[in-house]
Protein chains: 2
Amino acid sequence: MQGLKVASDTETERVFETLKAMILDTRLPTGTPLNHSQLCRDLQSSRTPVREAIRKLEGVGLVTTVPHRGSYVAQVDLREFLQIVEIRLQLEPFAARQAAGRIPDGTLDALEERLHALNRAAPTEEDFAALHQIDGDLHHAIGVAAGNRRLDELMETLRSLCQGFSHDSRLRFDVMVDEHFALLRALRDGEADEASTIMYKHVRGFGEALPRLMGSP
Amino acid sequence: MQGLKVASDTETERVFETLKAMILDTRLPTGTPLNHSQLCRDLQSSRTPVREAIRKLEGVGLVTTVPHRGSYVAQVDLREFLQIVEIRLQLEPFAARQAAGRIPDGTLDALEERLHALNRAAPTEEDFAALHQIDGDLHHAIGVAAGNRRLDELMETLRSLCQGFSHDSRLRFDVMVDEHFALLRALRDGEADEASTIMYKHVRGFGEALPRLMGSP
DNA sequence: TGGATACAGCCTGTATACAATCGGGCTTTG
DNA sequence: CAAAGCCCGATTGTATACAGGCTGTATCCA
């Protein structure tokens, strides 16, 4: 399940960070049940830190607990998904605006490089996964550059909660790649308005890939 | 410290809800240390539920814990306060837009009633407290009417985190009352754009009451 | 054969015991 | 008298024991 322990002041914090990372990068996919004793074994810990870490994740919103039944990696239904997209529509364009012109060239170069490496003509399973990864890294780079840690973490959580629906957006592969190129350019050139607009369309398109319509801009 | 126990499936949840309510309505003000044994006594519980509730509140962002030293009701510094206001500037106008025309008349009437009861000429300590209370109830009514539970809870948390700075906005008493009246009217008439704009100015004004300038609309 | 029920095992929720860490006050010493 | 070091009490962090609920299975009855 995992490898070496990471350093941390308290055991609870270590377990929390470990689980959080595993949820965010989908090693623990949406809906995964979190069994105490198994986590104790896998994370080399005892029940108290594991339980406290789960409770903290519950507060963050990444974990759902059903009393006397167990905890699960949070899973949202369509209705909640659309609500989350609405929130993201308010936050992500703003973050992109703030980040424009503030992301190191090296970071942007690397992302562009990876985008170019994708096979747009006939994307394979790996290409989908890679794009998803790039998307995550780009959003994160924006979050960091925006200089607002709370905003960054919030967006990361909301993005994670949407993961259960991301497979529905495969039809948009080509569009998404285009959007990413355009976004990278706007961010590089410091065109805040442009970056914000592209991000809005990007998130909106993601939300609309599902059979529902959203609010207006 | 408090009265009767509230019903709940698990003890942890009960303690969590109790503490959360106490933090949100400032019975537990910003910075208050949360001593385990004292909470056990006051809430008639044992350490495990108390600790788990605290951890969950930590995840929500309402509590901060310093390892081996203790937990405290979250307190933000000026820098973080401004960042939170920036997030609220993205969310609250949107929520107001969504809520326009969807808040029951009775709710709006009651709020307007309470606004009229304030002494605008020479506000006393009670008037300040009452306005703060009205403000909270209005924001909450908007959050509920927006029909997005996650958004509502998020805004409530962010608002709570700003409480440490709300005393600085006393100079704006009269302006705030005006803004509330205007907002109530727009919400009642279903003027979404207007409601959104007023809310933006309202939050922005709150943030700018402090010696710093914010981002642009 | 179908369904209801009782039972068993596992899992979660809670309480408590034990260990580690921190802060404060006292003592000691230059 | 001031500063440094040490010790002790208190509080937090962790481990474990105990209790109660839920699920799934097997059995019994109609």
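Any read-out appearing in this document is the output of simple, stated calculations on the displayed coordinates, not a laboratory observation. None of these values were measured; they are calculated from a predicted model. Glycine gets a Cβ as well: all are built from the backbone with ideal geometry, and neighbour counts include every protein chain shown.
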*Which of the listed residues, A:A96, A:L39, A:P29, is farthest toward the dipole's positive end in the stretch A:1-130, when Lys, Arg count +1 and Asp, Glu count -1 at the beta-carbon?*
A:L39
*Pick from B:Q75, B:Q38, B:Q98: which residue has the top mean-square fluctuation in a GNM of chain B where Cα pairs under 10 Å get a spring?*
B:Q38
*Kindly state, to the nearest 0.05, the FRET efficiency for B:D178 paired with A:L78, given R0 = 51 Å and r defined as their beta-carbon distance.*
0.80
*Which whole-angstrom value gives the distance between the alpha carbon centres of the stretch B:92-148 and the stretch A:178-197?*
39
*Could you check the simple spin-label distance between B:D25 and A:A110, using points 7 Å along Cα→Cβ, in nm with one decimal?*
5.0
_Unit charges at the beta carbon, dipole of the protein assembly as shown: most positive-side option, A:L108, B:S160, B:A146_ = B:S160
*Taking the Cβ of A:V6 as the centre, find all other residues whose Cβ is under 13 Å away and add up their charges (Lys, Arg: +1; Asp, Glu: -1).*
-1
_Out-of-range pairs (alpha-carbon distance over 23 Å; input A:K56/B:K20; B:K5/B:K56; A:K201/B:K201; A:K201/B:K56)_ = A:K201/B:K201; A:K201/B:K56
*State whether the stretch B:24-160 is rounded, prolate or oblate according to the following rule on the C-alpha gyration tensor (a ≥ b ≥ c being the square roots of its eigenvalues): a/c under 1.5 gives rounded; otherwise a/b larger than b/c gives prolate, and the remaining case gives oblate.*
prolate
*asked:* How far apart, in nanometres, would the label points at B:T48 and B:T10 be if each is projected 7 angstrom from Cα along the Cα-to-Cβ direction?
replied: 1.1
*Taking springs between alpha-carbon atoms closer than 10 angstrom, which of A:A146, A:A117, A:A99 fluctuates most in the Gaussian network model of chain A?*
A:A117
_Surface/4 estimate of mean projected area, convex hull on alpha-carbon atoms of the protein assembly as shown, nm²_ = 22.4
*Where is the GNM fluctuation largest for chain A (alpha-carbon springs, 10 angstrom cutoff): A:R188, A:R41, A:R114?*
A:R41
*In the stretch A:1-88, how does Rg compare with the Kirkwood Rh, expressed as the Rg/Rh ratio over alpha carbon atoms?*
0.99
*Name the shape class, rounded, prolate or oblate, that the alpha-carbon gyration tensor gives for the stretch B:82-170, where a ≥ b ≥ c are the square roots of its eigenvalues, rounded holds for a/c under 1.5, and otherwise prolate holds if a/b is larger than b/c and oblate otherwise.*
oblate
*Zone residues, the stretch B:174-200, relative to B:T124, backbone N less than 19 Å from point 7 Å out along Cα-to-Cβ*: B:174
*Base-10 log of normalised Debye intensity for the stretch B:102-217 (one unit scatterer per alpha-carbon) at q = 0.13, 0.15 Å⁻¹*: -0.50, -0.68
*Please state the relative contact order of chain A as a whole percent: Cα pairs under 8 Å, 6+ residues apart?*
25
*Span-like helices, chain A: DSSP H, alpha-carbon axial extent 27 Å or more, mean Kyte-Doolittle -1.0 or greater, which ones?*
A:78-99, A:125-145
